[in-house]
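Data first, discussion second: the structure below is written as structure tokens.
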Amino acid sequence: MMHDVVQLPKPKLGRGKSFADALRLRRTTREMSPKLVSKQILSNALWAACGVNRPRGPFGVRGLTAGSASNSQEVDVYVLLAEGAYRFDARKHALMRVSGEDLRLLAFTPGQPLVSPEAPVQLVFVVDLEKLEHTQGFEEPGLHDAAVQKSYYFVDAGLIAENVYLFAATEGLACWFHNCDKRALAKKLGLKKSQRAIFGQTIGYARRT
């Protein structure tokens, strides 16, 4: 995946486990093996996270699988792999390379025990405050208030993360939502002043004991 743009395969989410099964199976698993996740499964996971599920959603803007405040879609998902770091472009269903380095360890909080440092995929949730300040949806005063903004993007990141959890449950994947090295990620991912790395989420296969 050393190309600047990696076109992901079309998502294939068939008739797998039921929604009730996904809720029963949803759990956090921190111990993961280095076993690679296929490109198809990664594609499916990212579509489940915040992929485009309808061309026209609220306020006439494309709709995603995860809701957001006034459909601002202010939280982007970055994908950290051994071969580099990418931003997921939901509209193109593609990965846009931002770094050729292996930044997976930065998805963990500094000083946090490295439980699964070789897990194949680290997702990082990055908010862009400009997308709230200049929303593509309904303009409301709260979108310009720092405290309200924070409550919105924390909830919106959580919606994406739970989509990933439920997808992982249906696919037999391990999943773990956690904090991240915000300062280092801002530098390494080349984030703008309006962007903040806020959370990380690890996905892979459970380590067999």
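The values are calculated or read from the model by the stated rules, or taken from the named source; none is laboratory data. If you're wondering where the values come from, they're calculated on a predicted model, not measured in any experiment. Glycine also receives a Cβ, built like all others from the backbone with ideal geometry; neighbour counts cover every protein chain displayed. The accessibility values were calculated without ligands, DNA or RNA, using every heavy atom of the protein model including side chains. Shrake-Rupley method; radii C 1.70, N 1.55, O 1.52, S 1.80 Å.
Tabulated values for the structure
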{"quantity": "Under 5 Å, built H, 5+ apart or other chain: amide partners of M32", "calculated": "R207"}
{"quantity": "Translational diffusion coefficient (Stokes-Einstein; Kirkwood radius from C-alpha pairs) of the stretch 83-164 at 37 °C, 0.692 mPa s, in µm²/s", "calculated": "216 µm²/s"}
{"quantity": "For the stretch 111-157 versus the stretch 166-193, the gap between their alpha-carbon centres in whole angstrom", "calculated": "11 Å"}
{"quantity": "Over the stretch 40-123, equivalent-ellipsoid semi-axes from the Cα gyration tensor in Å", "calculated": "27, 14, 11"}
{"quantity": "Surface share of carbon and sulfur [accessible, 1.4 angstrom probe, percent] for the chain", "calculated": "54 percent"}
{"quantity": "Full-stretch length increase - S194, A20 - with 0.36 nm per residue and alpha-carbon distance subtracted", "calculated": "58.8 nm"}
{"quantity": "Simple Cβ-charge dipole of the stretch 28-115, Lys/Arg +1 and Asp/Glu -1, about Cα centre, in debye nearest 20", "calculated": "400 debye"}
{"quantity": "Amide H contacts under 5 Å for G204, placed H, 5+ residues apart", "calculated": "A174"}
{"quantity": "Calculated from backbone phi, Karplus (6.51, -1.76, 1.60) coupling profile of the stretch 51-66 in Hz, x at Gly/Pro", "calculated": "x, 7, 10, 6, x, 9, x, x, 6, x, 9, 3, x, 10, 5, 10"}
{"quantity": "In Hz, Karplus ³J(HN,Hα) per residue of the stretch 18-32 (6.51, -1.76, 1.60; θ = phi - 60°; x = Gly, Pro)", "calculated": "6, 4, 4, 4, 4, 5, 5, 8, 4, 6, 9, 10, 8, 8, 10"}
{"quantity": "Of K150/K182; K39/K192; K39/K150; K92/K182, pairs whose Cα-Cα distance is over 21 Å", "calculated": "K39/K192; K39/K150; K92/K182"}
{"quantity": "Farthest toward positive dipole pole in the chain [+1 Lys/Arg, -1 Asp/Glu at C-beta], among L143, L81, A20", "calculated": "A20"}
{"quantity": "Backbone HN-Hα couplings from phi across the stretch 133-150 [Karplus 6.51/-1.76/1.60, Hz, Gly and Pro as x]", "calculated": "4, 10, 4, 8, x, 6, 7, 9, x, x, 5, 10, 9, 4, 5, 5, 3, 4"}
{"quantity": "Share of Cα-Cα pairs in the chain lying beyond 20 Å, as whole percent", "calculated": "56 percent"}
{"quantity": "Dipole in debye (nearest 20) - the stretch 93-185, about Cα centre, beta carbon charges: Lys, Arg +1; Asp, Glu -1", "calculated": "280 debye"}
{"quantity": "Amide proton proximity set for F199, modelled H, under 5 Å, gap of 5+", "calculated": "F125"}
{"quantity": "Probe 1.4 Å, accessible area per residue of the chain, Å²", "calculated": "50 Å²"}
{"quantity": "Under DSSP loop assignment and at most 15 Cβ neighbours within 10 Å, longest trypsin sites (Lys or Arg not before Pro)-free interval of the chain", "calculated": "93-191"}
{"quantity": "Backbone N within the stretch 8-36 under 17 Å of label point (7 Å from V115 Cα along the Cβ vector)", "calculated": "26-35"}
{"quantity": "Residue among L95, S116, Y165 farthest towards the positive dipole end of the stretch 93-174, charges placed on Cβ", "calculated": "S116"}
{"quantity": "Electrostatic dipole magnitude of the chain [Cβ: Lys, Arg +1; Asp, Glu -1; Cα centre; debye, to 20]", "calculated": "620 debye"}
{"quantity": "Surrounding net charge for Q73, when Lys and Arg each add one and Asp and Glu each subtract one, Cβ distance under 11 Å", "calculated": "-1"}
